[in-house]
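**Student:** One structure is given below, represented as structure tokens, and several questions about it will come after.
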Amino acid sequence: MERWSIRPYAGTLAEARGILAVEQRTFGECPYAPEELQARLGAPESHVVLAEAAGQVIGFVAGLRTAGLCGPRLEADLLAVDPSWQRQGIATALLTALRRTAGGVQALRGVVRPDNPASERAFARAGFQPSAETYGLMIYRILGFVPRPLPAWSGEVRPLAGAHEAAALAALAPEALPPAGDILAAAQRPGVTVLVATKTPDRSAETCQVSAAVELLEVHTLLYSGLWLERALAARGQVAALRTLIAAAVEEAKRRELDEVGCLAPRADRRLREALRGEGFVPLDCYRAWLAAPCETAP
Ligand SMILES: CC(C)(COP(=O)(O)OP(=O)(O)OC[C@H]1O[C@@H](n2cnc3c(N)ncnc32)[C@H](O)[C@@H]1OP(=O)(O)O)[C@@H](O)C(=O)NCCC(=O)NCCS
């Protein structure tokens, strides 16, 4: 059997061509020319590991760093091994290398369809743990940039700002969110947008209340540029506020001329899934999240 090895992506056009060739033989969805792919993979948030044999790329994992409300994370965004090299432990080795080189993040995450045993096995062998919960991927594809009015909502929609507003957001889901100070800091990081729906016009008022909120992460992957709706929260009975925020997320993506807005909606969260559908999101496949801590001596 020929030998293969694992190494970090060095940023060359030849490597980008090799990645594209493997992508075309597996997913076949990348819309970019090699030069555009090279630029995307060279972005500071991109973290790519390659498998190669005889100087040719035979597999890759494309990681993407995000830094949302719950801290820095490395998404194992796209994993592929050339069909003629599968079942030799290459995906397992790529994911293990990703864990070893992740540095500076709190967690790594991959999302995998439960009907993809090869990928599930590779994540498990590399030390990732599956979520008990399953998620439905829901996508809004942007076909034009003409703005659309937001659905009726009797309050305001605006980017989160100020300590009182952050505290009001933290109170919406204290078990799931960090303290207000961390929320405020994260909401100001590049690539992160937190929109809130509120009926309190004065955000500096101590009594300010947040009816609903969405966390949006701008991502530029090998397959698309989009806003990732990472989190959607709403107080009891505030479905109209939630729908307005989802529509506002779509409008924001249009304003930035992105391709789509995506959300992994927990299967158990019917309210969110219905709100997304109501705003034109299409349900796609079901996924499980696989999580791991970074590890210098991963298996
Ligand atoms: C998923 C994929 C990356 C796995 O690559 P790979 O290099 O063959 O994976 P590994 O050799 O590390 O195998 C990992 C485990 O999966 C098992 N496995 C591999 N292919 C399998 C298959 N077709 N069916 C069932 N199990 C399979 C292996 O036996 C191994 O398990 P083991 O360690 O218990 O023996 C590869 O099949 C692929 O590129 N598929 C198309 C793209 C894709 O689905 N990507 C993942 C999306 S999340």
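**Student:** For residues that are basic (Lys, Arg) and under 20 Å from Cys263 (Cβ atoms), scanning just the stretch 134-188, find the one that is modelled with the highest pLDDT. Talk me through it step by step, then tell me what you get.
**Tutor:** Within the stretch 134-188, the subset basic (Lys, Arg) is 141, 148, 158.
Okay, now just the ones that are also under 20 Å from Cys263 (Cβ atoms), so 141, 148.
Details: Arg141: 98, Arg148: 93.
By that ranking, first place goes to Arg141.
**Student:** What's the total number of residues in the stretch 211-248 that are of a type outside the set (A, V, I, L, M) and under 18 Å from the mean Cα position of the chain (by Cα)?
**Tutor:** Residues that pass the stated criteria total 10.
**Student:** Within the stretch 46-62, restricting attention to residues that are among the small types (Gly, Ala, Ser) and within 14 Å of the ligand (Cβ to nearest atom), which residue is surrounded by the fewest Cβ atoms within 10 Å (Cβ to Cβ)? If you could, list the steps in order and put the result at the bottom.
**Tutor:** Of the residues in the stretch 46-62, the ones among the small types (Gly, Ala, Ser) are 46, 51, 53-55, 59, 62.
In the following step, the residues that additionally are within 14 Å of the ligand (Cβ to nearest atom) were identified as 51, 53, 59, 62.
Working: Ala51: 26, Ala53: 16, Gly59: 26, Ala62: 26.
Applying the filter and picking the extreme gives Ala53.
**Student:** I've got another one for you. Just checking, how many residues over the stretch 23-45 are in contact (Cβ under 8 Å) with a residue 24 or more places away in the chain and either more than 13 Å from the ligand (Cβ to nearest atom) or closer than 29 Å to Gly104 by Cα (or both)? Even if it seems obvious, please write down each step before you answer.
**Tutor:** Within the stretch 23-45, the subset in contact (Cβ under 8 Å) with a residue 24 or more places away in the chain is 23, 25-27, 29-32, 37-38, 40-43, 45.
Those left that are additionally either more than 13 Å from the ligand (Cβ to nearest atom) or closer than 29 Å to Gly104 by Cα (or both): 23, 30-32, 37-38, 40-43, 45.
Qualifying residue count, the stretch 23-45: 11.
**Student:** Having 1 or more residues that are within 27 Å of Val192 (Cβ to Cβ) and of a type in the set (Val, Ile, Thr) is the bar; report the helices (runs of 4 or more DSSP H) wholly within the stretch 14-132 that clear it. Break it down into steps so the answer makes sense when it comes.
**Tutor:** Values: elements: 34-41, 90-101, 117-125.
It comes to 90-101.
**Student:** Condition first: near the ligand (Cβ under 8 Å from one of its atoms), farther than 23 Å from Gln56 by Cβ and crowded, with 22+ Cβ neighbours inside 10 Å. Can you find one or more residues in the stretch 97-110 that meet it?
**Tutor:** The first filter runs over the stretch 97-110 and keeps only residues near the ligand (Cβ under 8 Å from one of its atoms), leaving 110.
Among the residues that remain, those that are also farther than 23 Å from Gln56 by Cβ are: 110.
Those left that are additionally crowded, with 22+ Cβ neighbours inside 10 Å: 110.
Yes, the conditions are met somewhere in the stretch 97-110.
**Student:** Check every one of the strands (runs of 3 or more DSSP E) wholly within the stretch 168-247 and list those with 2 or more residues that are β-branched (Val, Ile, Thr) and over 30 Å from Cys30 (Cβ atoms). Quick ask: steps written out before the conclusion?
**Tutor:** Working: elements: 192-198, 212-220, 225-234.
Here the list reads 192-198.
**Student:** So if I check each of Pro190, Pro179, Pro201, which one is surrounded by fewer than 21 Cβ atoms within 10 Å (Cβ to Cβ), within 20 Å of the chain's Cα centre (by Cα) and in the same structural domain as Ala249 (by TED's automatic domain parsing)? Working first, answer last.
**Tutor:** Details: Pro179 fails: within 20 Å of the chain's Cα centre (by Cα); Pro201 fails: within 20 Å of the chain's Cα centre (by Cα).
Answer to the selection: Pro190.
**Student:** Just to be sure before I move on: is Arg65 away from the ligand (no atom under 12 Å from the Cβ), basic (Lys, Arg) and either touching a Ser or Thr at 6+ places or on another chain (Cβ under 6 Å) or under 23 Å from Gln129 (Cα atoms) (or both) in the structure I sent? Spell out the reasoning first.
**Tutor:** Values: away from the ligand (no atom under 12 Å from the Cβ): yes; basic (Lys, Arg): yes; either touching a Ser or Thr at 6+ places or on another chain (Cβ under 6 Å) or under 23 Å from Gln129 (Cα atoms) (or both): yes.
Taking the combined requirement at face value, the residue satisfies it.
The values are calculated or read from the model by the stated rules, or taken from the named source; none is laboratory data. Note that the coordinates shown come from a computational prediction; the quantities given were computed from them, not determined experimentally. Methodologically, a virtual Cβ is constructed for each residue, glycine included, from the backbone with ideal geometry; neighbour enumeration extends over all protein chains shown.
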